[in-house]
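These notes are about the structure you will find just below.
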Amino acid sequence: MIAGVCKETEKNEKRVAITPEGVKALTGLGVDIQIEKGAGVDSSYTDASYTEAGAKIIENRDDILKSCDMLIAVQAPGDETIKKMKSGSVLVCFIWPLQNKEYVDLLKKQNITSMAMDTIPRISRAQSMDALSSMSNIAGYKAALMGANQLDRYLPMMMTAAGTIPPAKVLVLGAGVAGLQAIATAKRLGAVVEAFDVRPVVKEQVESLGAKFVEVPIEEEETESKGGYAKELSDKNKEKQREVIHEHVKKSDIVITTALIPGRPAPLLVTKAMVEDMSPGSVVVDIAAEQGGNCEVTKPGETSFHSGVAIVAPLNIPSTLAFHASKLYSKNILSLLTLLIDVGKPNFNFEDEIIANATVTHNGELISPFVKENMK
């Protein structure tokens, strides 16, 4: 079997799907690897390092698409790329099928078997394949650094001859993987940290990192999905949540928002009125910007200002740490393919929960139970 890796074409995408270390491991599974020339350069992996690992460097992207049995990518390749792939070949990447139904229809039409790194179930056996968590960890870490960099004051308490500077106050909204890493990083930088999440079950994790958990008294409601993600609240509970969050936002120097709901726009957590109550010079870092943002005045992809408050809304944060993001993503891919590949060929055993949920399309049909259920 031939697996191909092409240079990512999305704007500002610096990651590469497979590292030289990953090439060695895949070769051990009986797979021949073709890498497009320069595919890893933006993430500091040279063509020479791929050649040494056993990959073949190909100059023409189309040659890879015509010959490969499996295309491994980070972002979902464009429609033209899909049309150039062989019928029956396999695509492995982030697909986001719930937001891209027309793309899924194209995959079915072209008879491409597609495996989405974003529909792998969050079960203990699949932890090593969980690319969403790997990338969220990076996003949370970088968000805290972005907030510290934008803020015009110290994060830690500073005792100087000119007087004592109190520590900055950081509020993290959403205590999933990204939020917990943002908490840990802000604490290491010396800030006083608070965190909120609709799931009370994460309180212990927040407090174990040295942060205070902001509790909102809400009516009895299921706040966590089967996959461990936060669920959208009822309108009544949303209003209670906003009242409490407002009080904490206005006294914070940095607010980091991380809340996402699979297949839905990001929930609104920080209103325009909340931003207007923050002190001038404060910062909101909205890492949910790609899904519309958690802040009402967010401008995705920009750093804007409202009432003297900086609203930092970066896109594709993992790409800013491309070397390690690629390394982790490559390991996630390898873990999935180790399960999938049997004697050098993919074995689509849909009795396996991981394979079934990760496989979006196969033989022109929609397969993933997760996608089927949520598309309804």
**Asked** Here are some residues: 24, 37. Which one is closer than 13 Å to residue 64 by Cβ and of a type in the set (Lys, Arg)?
**Response** 37
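For every residue, the table says whether it meets (1) buried (at least 20 other Cβ atoms within 10 Å of the Cβ); (2) within 19 Å of residue 366 (Cα to Cα); (3) of a type in the set (S, T, N, Q).
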position	(1), (2), (3)
8	yes, no, no
38	no, no, no
81	no, no, yes
90	yes, yes, no
**Message:** Being in contact (Cβ under 8 Å) with a residue 24 or more places away in the chain, within 23 Å of residue 132 (Cα to Cα) and in a helix (DSSP H, G or I) is the requirement here; does residue 172 meet it?
**Reply:** no
**Prompt:** In segment 175-202, how many residues are at pLDDT 95 or above and of a type in the set (D, E, K, R)?
**Reply:** 3
**Residue match in segment 203-226 (condition: charged (D, E, K, R), at pLDDT below 65 and touching a strand residue (DSSP E or B) at 6+ places or on another chain (Cβ under 9 Å))** = yes
**Filtered residues of segment 304-362 (kept if assigned to a loop (DSSP other than H, G, I, E, B) and within 30 Å of residue 375 (Cα to Cα))** = 313, 314, 315, 316, 347, 348, 349, 350, 351, 352
**Every residue from segment 196-208 that is among the hydrophobic types (A, V, I, L, M, F, W, C) and either under 15 Å from residue 253 (Cβ atoms) or in a loop (DSSP other than H, G, I, E, B) (or both)** = 198
**Message:** Tell me the residue from 144, 116 that is under 30 Å from residue 194 (Cα atoms), aliphatic (A, V, I, L, M) and buried (at least 23 other Cβ atoms within 10 Å of the Cβ), please.
**Reply:** 144
**Message:** Considering only residues that are touching a residue at least 60 places away in the same chain (Cβ under 8 Å), surrounded by fewer than 23 Cβ atoms within 10 Å (Cβ to Cβ) and assigned to a loop (DSSP other than H, G, I, E, B), which ones fall in segment 241-259?
**Reply:** 251
**Prompt:** If you scan segment 77-95, which residues turn out to be in contact (Cβ under 8 Å) with a residue 40 or more places away in the chain, in contact with an Asp or Glu (Cβ under 7 Å, 6 or more places away or on another chain) and farther than 17 Å from residue 35 by Cα?
**Reply:** 95
**Message:** Filter segment 139-169 down to the residues that are in a helix (DSSP H, G or I) and without any contact (Cβ under 8 Å) to a residue 12 or more places away in the chain and list them by number.
**Reply:** 149
**Prompt:** Do we find that residue 333 is crowded, with 19+ Cβ neighbours inside 10 Å, modelled with pLDDT of 95 or more, under 30 Å from residue 267 (Cα atoms) and in contact with an Asp or Glu (Cβ under 7 Å, 6 or more places away or on another chain) in this structure?
**Reply:** no
**Message:** Can you tell me which of (1) within 13 Å of residue 337 (Cα to Cα); (2) surrounded by 15 or more Cβ atoms within 10 Å (Cβ to Cβ) is the one residue 30 doesn't meet?
**Reply:** (2)
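Return the only residue of 134, 124 being of a type in the set (Ser, Thr, Tyr) and surrounded by fewer than 18 Cβ atoms within 10 Å (Cβ to Cβ).
124
Please verify whether residue 265 is within 16 Å of the chain's Cα centre (by Cα), assigned to a loop (DSSP other than H, G, I, E, B), under 30 Å from residue 44 (Cβ atoms) and without any contact (Cβ under 8 Å) to a residue 60 or more places away in the chain, treating the condition exactly as stated.
No.
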**Message:** Any residue in segment 289-303 that is in contact (Cβ under 8 Å) with a residue 12 or more places away in the chain sitting within a Cβ distance under 6 Å of a residue that is outside any loop (DSSP other than H, G, I, E, B) and surrounded by fewer than 15 Cβ atoms within 10 Å (Cβ to Cβ)? List the pairs, counting only those 6 or more apart or interchain.
**Reply:** 296/272; 297/272
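The values are calculated or read from the model by the stated rules, or taken from the named source; none is laboratory data. Bear in mind the structure is a predicted one, so any value in this text is a computation, not a measurement. Using ideal geometry, Cβ is built from the backbone for each residue, glycine included, and neighbour counts are taken over all protein chains shown.
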